[in-house]
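The values are calculated or read from the model by the stated rules, or taken from the named source; none is laboratory data. This structure is a prediction, so every number in the text was calculated from the model and none was measured. Glycine gets a Cβ as well: all are built from the backbone with ideal geometry, and neighbour counts include every protein chain shown.
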Amino acid sequence: MSLTIEGMAEAFTRLGVKAMDALHVASAIASGAEWLLTTDKLLLKKLRNEARIKVVDPVDFVRVLQESYP
């Protein structure tokens with residue numbers, strides 16, 4: 001695990017994100033993911049303004065896809 005991922009994860013935990021969730025989010029960002037899908041309402045709330053990745057509910061993601069590819 002790179003220090004960059006560990007550092008990002010630590011920053012997310014300071015925002016109140018659970019440690020394992022923080023590692024998942026940091027890893028997704030480090031790998032270049034644009035989206036992270038979750039049904040965890042608390043995670044969605046805490047990361048709704050995260051600029052580096054869009055954290056959304058799977059149902060909302062499907063809506064985005066349907067709007068983008070009618």
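Couple of notes before you dig in:
- Filtered residue count, region 48-69, keeping only those that are free of Cβ contacts under 8 Å to residues at least 24 places away in the same chain and not in a helix (DSSP H, G or I): 8
- Of the residues making up region 1-47, those that are at pLDDT below 95 and either closer than 28 Å to L65 by Cα or touching a strand residue (DSSP E or B) at 6+ places or on another chain (Cβ under 9 Å) (or both) number 0.
- For T38, the stated conditions do not hold, so it cannot be described as in contact (Cβ under 8 Å) with a residue 12 or more places away in the chain, at negative phi and either loosely packed, with under 13 Cβ neighbours inside 10 Å or of a type in the set (D, E) (or both).
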